[in-house]
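Undergrad: Below is a structure I'd like to ask you about.
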Amino acid sequence: MTSLDTTLAALRASGRKALVPYLVGGVSDDWLDHVRAAVHAGADVVEIGVPFSDPMMDGVVIQRAADVSLGRGTTPQSVLDDVATLDVEIPLVVMTYFNVFHHMGVTRAAGALHSAGVSGVILPDLPIEEQGEWRASCTDVDVATINMVAPSTPPARIEQIAKIAQGFLYASARMAVTGAASDEGHALDVVTRSRAVSDMPIYVGIGITTPEQAAAAARIADGAIVGSALVQRVLEGQGASGVEAFVGELRRAIDAG
Amino acid sequence: MTTYMDHPDELGHFGDFGGRFVPEALMPACLELEEAFRDAWADPLFLDEYHHILKEFGGRPTPVTYCERLSSELGIELYLKREDLAHTGSHKINNVIGQALLTKRMGKKRIIAETGAGQHGVASATAAAKLGLECTVYMGELDTQRQALNVFRMELLGASVHPVTSGSRTLKDAVNEAMREWVSCVETTHYCLGSVMGPHPFPWMVREFQSILGREAAQQLVDRGVGTPDMVVACVGGGSNAAGLFSGFANSSARLIGVEAAGGSAIGIGSPGVLHGMRSMLIQSDVGQIEEAHSISAGLDYPGIGPEHAYLAASQRAEYFSAGDDEVLDALQRLSRSEGIIPALETAHALAWVFREVGGQIRRGDTVLVNLSGRGDKDVAQVLDILGARA
Ligand SMILES: Cc1ncc(COP(=O)(O)O)c(C=O)c1O
């Protein structure tokens, strides 16, 4: 059990559906203000992307944001250093690709995440078979390893994943990389199959674009993750006020049920 | 004694390298493919069909050619395994026929592929046409310009070519894009990866499909009384032609030499990392961002190398060196003039190393087998541009 497990279990017990906005670290000078704005507007967890040169699970919007951030000289450590200066009350989780931490060395990376105050990590290219050393290093410093399940994941494998998953199960609503979509895809099916084998919180992500979609996802699951739709606004230069407005809309839609 | 180039472990590891680092969405497809390949590779009917197509359609076996003039000039015994004479002009056909047959066996109707120089794209389009599959090829935008004729070839063969505009717009980005695309069509589509890279079972499976060239070459040298060569040499992009060749000699006394592009030398200047579904040696920055490779040959413009090569290097069974653009151009011209064979720019890396190392790594009198992985027709326009600009 990590602290993230405890916090998110308590959140669910309180009856509140989780809203998890995603932002790309280092994308602008004031990116930490975007995080604060998201928190202020009602985020329960903020997912922070550490930009990687080859984001295999990301569509064009997040690719572009990662390029912008890398072009500004962002490094994994600079994102973590920035994050360490945040004083927000909610958990922060990092999403990136395994090479970033592999290159740092997993023990050192786990320590750096812990020092920055990060509660959990999502590594879409690190499946359970390869997670052993990483998971052990992170658990040692109370950083959760969050796992994904996809529409293609068979029941027996969902069970295997759920058994070791920490924090929440990230249910991918569709067979796609990140990016805008016009519906909730296979969310209901994935959530139903996950619920059958696990009682941990399940959040739906991938393709959730509008407040209506976020509300629909939160109705069938315990929370909704919104990435590209928010990052698109950041890339358009909407700044902290734009982030606050959109996350606020998402919050209200989710709370309206 | 350790045996080399047998099976990876259950999770696809070659020593510390390999494995399966893919999004959960692709995991079932990788497992399905592994099972289908294991099953097919043990099925005499599948093997018969594979060998029949490679013979009747692919032009196998390709010959081994003795280089009379260069051998006497260099003071070595130089032999070439002539993959340039295989259909579509390179070793790539061996792999795509295998994967296209597997695609049908799995009940899928479409393949997608990445390509650098365009050779794997052309081979994939060819196999798709032959076996009645749909085919989409992902190619870095920069490469579509460098290899415009190959783009047209693929289209003639009925494939559609998708220029990739992200990142460095070369091979590594084409792989990223093909992987992304695969996530969204994995139920109907097989990803026909072009080299011994990517997640398990690809590095092992592609090596197995390419092992036909190494087996043939070993037998051909025995048949002509040459026996085991002192050295076998192949160029290395992802490493498929080298893996195919090495597999025929891995448990012999021959030295195994892989030659990378100087600007894409993952063993020489890389460090361990995870990319494109595998743990291997990668050229990366000091904070783990993947760097762009630079080479005159689009097919070697890749910042990584197949995981089995990383293992063979770490265990010192094979040795890896590099060759620079200038000596590669010289080597291409030298083989053309001395032996009447225009090699691909990729292949010319292996030749450049041999020409440079006679008297160094190569002793006079040594028998050297080079994999002539492909013909240079695709490259002549580019070579003309470069040499023309110099004249
Ligand atoms: C003729 C030829 N040789 C070699 C290569 C490099 O690939 P590999 O290292 O997988 O053999 C290519 C790739 O495009 C090629 O076209």
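Coordinate-derived values only; no laboratory data. Because the structure is a prediction, the values reported are computed rather than measured. Please note: Cβ atoms are built from the backbone with ideal geometry, for glycine as well, and neighbour counts cover all protein chains shown.
Undergrad: Per DSSP H run of at least 4 residues, take -39500 (n - 2.57); add these up for chain A, divide by its residues and hand me the 222 nm value, nearest 500 deg cm²/dmol.
TA: Result for chain A, helices only: -14000 deg cm²/dmol.
Undergrad: If you fit an axis through the alpha-carbon atoms of helix B:380-390 and take the longest principal axis of the Cα set of chain B, what angle between them do you get, 0 to 90°, nearest 10?
TA: For B:380-390 against chain B, the angle is about 50 degrees.
Undergrad: While we're looking at this one, here's another question. What whole-number distance in Å separates the alpha-carbon centres of region A:98-146 and region B:322-351?
TA: Using only Cα atoms, the two centres lie 46 Å from each other.
Undergrad: Here is a follow-up. Using the Kirkwood radius built from alpha carbon pairs, what does the Stokes-Einstein equation give as D for region A:3-256 at 4 °C and 1.567 mPa s, in µm² per second?
TA: Rounded, D is 73 µm²/s.
Undergrad: Taking only the alpha-carbon atoms of region B:241-356, what semi-axes of the equivalent ellipsoid follow from 5 times the gyration tensor eigenvalues under a square root, in whole Å, largest first?
TA: Taking √(5λ) for each eigenvalue gives 25, 19, 10 Å, largest first.
Undergrad: Going down the list B:Lys108/B:Lys378; A:Lys17/A:Lys163; B:Lys81/B:Lys130; B:Lys130/B:Lys378; B:Lys108/B:Lys172; B:Lys109/B:Lys130, which pairs span over 20 Å between their C-alpha atoms?
TA: Exceeds cut-off: B:Lys108/B:Lys378; A:Lys17/A:Lys163; B:Lys81/B:Lys130; B:Lys130/B:Lys378; B:Lys108/B:Lys172.
Undergrad: Helix-only mean residue ellipticity at 222 nm, chain B, DSSP H runs n ≥ 4 weighted -39,500 (n - 2.57), per residue, nearest 500. What is it?
TA: -13500 deg cm²/dmol
Undergrad: Average the reciprocal distances over every distinct pair of alpha-carbons in chain B, invert the result, and give the Kirkwood radius in Å.
TA: Answer for chain B: a Kirkwood hydrodynamic radius of 20.5 Å.
Undergrad: Over region A:3-256, calculate the relative contact order: mean separation of alpha carbon pairs under 8 Å at least 6 apart, over the residue count, as a percent.
TA: RCO, region A:3-256: 23 percent.
Undergrad: Next up: Provide the three semi-axes, in whole Å and in decreasing order, of the ellipsoid equivalent to region A:13-123 as defined by the square roots of 5 times the Cα gyration tensor eigenvalues.
TA: They are 21, 17, 14 Å, listed largest first.
Undergrad: Please list, in order along region B:87-92, the HN-Hα scalar couplings obtained from phi with the Karplus expression 6.51 cos²θ - 1.76 cosθ + 1.60 (θ = phi - 60°), rounded to whole Hz, x for Gly and Pro.
TA: My calculation for region B:87-92 gives 4, 6, x, 7, 5, 4 Hz in order.
Undergrad: If you don't mind, another one. Using the charge dipole of the protein assembly as shown (Lys, Arg: +1 at Cβ; Asp, Glu: -1 at Cβ; taken about the Cα centre), state which of A:Ala65, B:Gly227, B:Gly388 has its Cα farthest towards the positive end.
TA: Value: B:Gly227.
Undergrad: When the Cα centres of region B:36-91 and region B:255-292 are compared, how far apart do they sit, in Å?
TA: 28
Undergrad: If you average the C-alpha positions of region A:1-46 and of region B:104-177 separately, how far apart do those two centres end up, in angstrom?
TA: What the calculation gives is 41 Å, centre to centre.
Undergrad: On to the next question. Charges at C-beta only: +1 for Lys and Arg, -1 for Asp and Glu. How large is the resulting dipole of the protein assembly as shown about its Cα centre, in Debye rounded to 20?
TA: In debye, rounded to 20, the protein assembly as shown gives about 1060.
Undergrad: Here's something else I'd like to know. Specify, per residue and in Å³, the volume enclosed by the convex hull of the alpha carbon atoms belonging to region B:173-217.
TA: Given the Cα convex hull of region B:173-217, per-residue volume reads 76 Å³.
Undergrad: Springs between alpha-carbon atoms under 10 Å, Gaussian network over chain B: tell me which of B:Cys192, B:Cys135, B:Cys30 tops the mean-square fluctuations.
TA: Sorting by GNM fluctuation, first place goes to B:Cys30.
Undergrad: Give me a single rounded figure for A:51-61: the average over its residues of other chain Cβ atoms within 10 Å of their Cβ.
TA: The mean count of partner-chain Cβ atoms within 10 Å per residue comes to 6.
Undergrad: In Å, what is the Rg of the alpha-carbon atoms in the protein assembly as shown, and how long is Dmax?
TA: Expressed in Å, the Cα Rg and Dmax of the protein assembly as shown come to 25.7, 85.
Undergrad: Using label points projected 7 Å from each Cα along Cα→Cβ, tell me how many nm separate A:Arg72 and B:Asp230, to one decimal.
TA: Here the modelled spin labels are 5.9 nm apart.
Undergrad: Give, as ranges by residue number, the residues of region B:173-193 whose backbone N falls under 13 Å from the point 7 Å along Cα→Cβ of B:Glu134.
TA: From region B:173-193, the list is B:185-190.
Undergrad: Just for the Cα atoms in region B:73-225, what are the lengths along the principal axes, largest first, rounded to whole Å?
TA: For region B:73-225, the Cα spread along each principal axis is 52, 36, 29 Å.
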